[in-house]
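Data block below; observations after.
The values are calculated or read from the model by the stated rules, or taken from the named source; none is laboratory data. Since the model is a prediction, treat every value here as computed from it, not as a measurement. We place every Cβ from the backbone using ideal geometry, glycine too, and count neighbours over all the protein chains shown. Heavy atoms of the whole protein, side chains included, go into the accessibility calculation; ligands, DNA and RNA do not. Shrake-Rupley method; radii C 1.70, N 1.55, O 1.52, S 1.80 Å.
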Amino acid sequence: MIMGEQKPLEVILGMLAPYDKIVLAGCHGCVTVCRAGGAKEVEILASSLRLAREAEGRPLEIKEVTLERQCDPEYLEPMRPYLEDYQAVLSIACGAGIQFVAEKYTSTVVLPGLDTTFIGVTEKQGLWVERCQACGDCVLHLTGGICPVARCSKSLFNGPCGGTTTDGRCEVDKEIPCGWMMIIERLRSLNQLENYRKNLPMKSWKTSRDGGPRRIAREDLME
Amino acid sequence: MKTASRLERVFDEGHFAVTTECGPPRGSDPEVIRKKGELLRGSVDAINVTDNQTSVVRMASIASCAILKEMGLEPIVQMVTRDRNRISLQSDILGAAGLGLNAILCLSGDHQTFGDDPDAKNVFDIDSIQLIELVKMMRDEGKFPSGKEIQGPPNLFIGAACNPFAEPFEIRPIRLAKKVDAGVQFIQTQCIYNLDRFEKFMDEVRKLGLHEQVKILAGVTPLKSAGMAKFMKKNVAGMDIPDDVIQRMADTPKEEQAAKGIEICVESIERLRKVEGVAGAHIMAIEWEKMVPVIAEKAGLLPRPDISVPSD
Ligand code: SF4
Ligand code: SF4
């Protein structure tokens, strides 16, 4: 899922300074699962913002709404009838959702309340970790199911570098397990170390963001 | 095909090679690099110039190498993939050869979070092994990865680094084999303090027959003080300094610790020289370059063979 983290309250208050009537829009998708932008977070953020603005003597009127998904056109429609009555939308969906709101409501100011961070998993309650960088040409079959792009700090294709620590951590940060250490251990347990013995050639990054903004067009699904 | 590298000649003539490295200035004054070059003249066969090591900005390695070359010294340009994509790498490889440099050390580089610009975007378009392949392809096939022909291929002697002490240990000889497959011709290792472990590493290297396919220069760095030893052990990833080495330093009075560090370094070289498959020593004394001739002398590595490399 796509992970995000709410921006610090002061930053959000800074963005909202010119306005006194806003819509705060959450999303029931990924950001609900990572507890950053769902209905509950909308409620909590709204009350913190109200309190802070009341303390400043400049009350803020907030309409709270949580859409099914902000990244699908049909789910954005319900906002249309009332949007005109507000000065701005503060969205706490991922960057894609926030942009889609801006795209659908061209004359509305749309503000990001969330920093979108990565594609990851819930390792355990309260801990989310990056797993994929959406490179567009998956090599997990060669690397024991562990991604060298996302999980090695240098995205090496023939790691590990010389910086792996004695306890198998990455040189960059003790909190980061060395991706290549994991790849090798996994290949060994799968009896696939011969995958490692072969040098992986230079990767084409054309399928990743480096090739420009990407699109997938499925004729079979288009009307 | 042979390159014009003095280092390659030294190996070919069967000598035990000696290399060192120096860090370029954090400024544009060429005198800094000239002074270092002068200190090292005659004591080594080739001098690496680091490429923004630990991600701290310094004068470009290629430029510093050109300055050393002008002085009649034999530089090895270091090139990291952290800061350059394949377009820039190919261009710099041509540039290095165009400036008359004869050897290149292919590295991925320390992550930028270590340096002064942790906010920088890193590149890592390719890794060190793929860089070795790139240089080899450009040199031997006279082709760019695009398949287009090179007018005047870069004739560079190809090197890389190896850390026998980083986890996972069992994989390190295999990773060296990957570099050999890629086409590496010489290897400079991480500083060796744990000689027992290095010898075990070399046992594996010999079992794989790698010592016959690549020239391995054993890396050594003189410890300046017990404090430095402890600091390095704790803070430098992949650095293995055994407690008895630290103890030897700590048992020495402070004012004599530097001399003790030199003594340990010389002893290490003497022992490493006897390890089958070790073809040379790489003496790293960054910001202590003046000790390199002292160490080379004490270790019996002087004079360096007089090799006149044909100017091509
Ligand atoms: S190889 Fe690419 S697509 Fe596969 S997990 Fe890694 S980044 Fe994602
Ligand atoms: S320590 Fe491991 S994860 Fe970190 S950069 Fe090196 S190989 Fe990649």
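Taking the conditions exactly as written (touching a helix residue (DSSP H, G or I) at 6+ places or on another chain (Cβ under 7 Å) and open to solvent by less than 30 Å² (accessible area, probe 1.4 Å)), does residue B:10 satisfy them or not? For residue B:10, the condition - touching a helix residue (DSSP H, G or I) at 6+ places or on another chain (Cβ under 7 Å) and open to solvent by less than 30 Å² (accessible area, probe 1.4 Å) - is not met.
Look at the range A:66-87: where a residue is in contact (Cβ under 8 Å) with a residue 24 or more places away in the chain and farther than 14 Å from residue A:24 by Cα and a partner is open to solvent by 50 Å² or more (accessible area, probe 1.4 Å) and of a type in the set (A, V, I, L, M), sitting 6+ places away or on another chain with Cβ atoms under 8 Å, you get A:71/A:96.
Can you give me the ranges of the helices (runs of 4 or more DSSP H) entirely in the range B:181-296 with at least 2 residues that are under 30 Å from residue B:14 (Cβ atoms) and not hydrophobic (A, V, I, L, M, F, W, C)? Show your work before the answer.
Working: elements: B:195-207, B:226-235, B:243-250, B:257-273.
So the answer is B:195-207, B:257-273.
A quick yes/no check of all residues on (1) under 25 Å from residue B:248 (Cα atoms); (2) modelled with pLDDT of 95 or more; (3) open to solvent by less than 20 Å² (accessible area, probe 1.4 Å):
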| position | (1), (2), (3) |
| --- | --- |
| B:176 | no, yes, yes |
| B:179 | no, yes, yes |
| B:183 | no, yes, yes |
| B:186 | no, yes, yes |
| B:190 | yes, yes, no |
| B:206 | no, yes, no |
| B:219 | yes, yes, yes |
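When the criteria are applied in full, residue B:101 fails the requirement of being within 12 Å of chain A (Cβ to nearest Cβ), open to solvent by less than 10 Å² (accessible area, probe 1.4 Å) and farther than 15 Å from residue B:187 by Cα. Just to be sure, is residue A:186 in contact (Cβ under 8 Å) with a residue 12 or more places away in the chain, open to solvent by 60 Å² or more (accessible area, probe 1.4 Å) and within 16 Å of ligand 1 (Cβ to nearest atom)? Yes; evaluated as a whole, the condition is true for this residue.
With the structure loaded, tell me whether residue B:241 is farther than 29 Å from residue B:158 by Cβ and in contact with a Phe, Trp or Tyr (Cβ under 7 Å, 6 or more places away or on another chain) or whether it fails that test.
yes
When A:201, A:177 are checked against the criterion of being more than 16 Å from ligand 2 (Cβ to nearest atom), of a type outside the set (Phe, Trp, Tyr), within 13 Å of another protein chain (Cβ to nearest Cβ) and surrounded by fewer than 20 Cβ atoms within 10 Å (Cβ to Cβ), a single residue qualifies: A:201. Taking the range B:41-78 as the range and being farther than 20 Å from residue B:127 by Cα, buried (at least 23 other Cβ atoms within 10 Å of the Cβ), of a type in the set (A, V, I, L, M) and touching a helix residue (DSSP H, G or I) at 6+ places or on another chain (Cβ under 6 Å) as the test, the residues that pass are B:46, B:47, B:68.
Residue by residue, here is whether (1) crowded, with 16+ Cβ neighbours inside 10 Å; (2) within 9 Å of another protein chain (Cβ to nearest Cβ); (3) in contact with a strand residue (DSSP E or B) (Cβ under 7 Å, 6 or more places away or on another chain) holds:
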site	(1), (2), (3)
B:123	yes, no, no
B:127	yes, yes, no
B:130	yes, yes, no
B:139	yes, no, no
B:143	no, no, yes
B:146	no, no, no
B:152	no, no, no
B:159	yes, no, yes
B:167	yes, yes, no
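Filter the range A:158-167 down to the residues that are open to solvent by 10 Å² or more (accessible area, probe 1.4 Å) and at the interface with chain B (Cβ under 7 Å from one of its Cβ atoms), then identify the one that is farthest from residue B:118 (Cα to Cα). Selected residue: A:166. The set of residues in the range B:79-98 being hydrophobic (A, V, I, L, M, F, W, C), open to solvent by 10 Å² or more (accessible area, probe 1.4 Å) and within 14 Å of another protein chain (Cβ to nearest Cβ) consists of B:87 alone. Do the conditions hold for residue A:146, that is, is it within 12 Å of ligand 1 (Cβ to nearest atom), modelled with pLDDT of 95 or more and not in a helix (DSSP H, G or I)? Yes; evaluated as a whole, the condition is true for this residue.
You will find that of A:195, A:158, the residue that is assigned by TED's automatic domain parsing to the domain that holds residue A:142 and assigned to a loop (DSSP other than H, G, I, E, B) is A:158 and no other.
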